[in-house]
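Let me begin by presenting the structure, written as structure tokens, before commenting on it.
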Amino acid sequence: MNSPESINSKPNKLLNLIYNNWENLDESQKSSLTKVWKVLTYKWQLQILFNLPFLIWWGLDKYVTKIHEFDMYMLDYLHLPDWALSFVGFGQ
């Protein structure tokens, strides 16, 4: 049976293995891997950057009730016809 110490040591062993392998690389290999990692994470950063406004709006919508009032105010202000409101789920 696994003890808490053996369960917690598995991630530590993996991190130590990665760290030791990284330390054993020479500088040219480290710089090459760093460049590859930056290219990969650049696309992730760009995706997060593009999705950040929607993530912020979702968070506000989930935790701040005034956002719903603002949404309803904007829908009333736009004077959209009923057929258009039915597309966004507000039709009768």
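For this structure, a couple of remarks:
- Any hit, the range 66-83, residues being part of a loop (DSSP other than H, G, I, E, B) and surrounded by 10 or more Cβ atoms within 10 Å (Cβ to Cβ): yes
- When the range 37-66 is filtered for residues that are among the charged types (D, E, K, R) and at pLDDT 85 or above, only LYS38 remains.
- Residues that are surrounded by 10 or more Cβ atoms within 10 Å (Cβ to Cβ) and of a type outside the set (Asp, Glu), drawn from the range 55-64: LEU55, ILE56, TRP57, TRP58, GLY59, LEU60, VAL64
- Filter result for THR34 (under 25 Å from the mean Cα position of the chain (by Cα) and modelled with pLDDT of 90 or more): yes
- Residue within the range 40-53 that is surrounded by 11 or more Cβ atoms within 10 Å (Cβ to Cβ) and over 30 Å from TRP22 (Cβ atoms) present: yes
The values are calculated or read from the model by the stated rules, or taken from the named source; none is laboratory data. Computed from a predicted structure; not experimentally measured. Cβ coordinates were reconstructed from backbone atoms using ideal geometry, including for glycine residues, and neighbour counts include every protein chain displayed.
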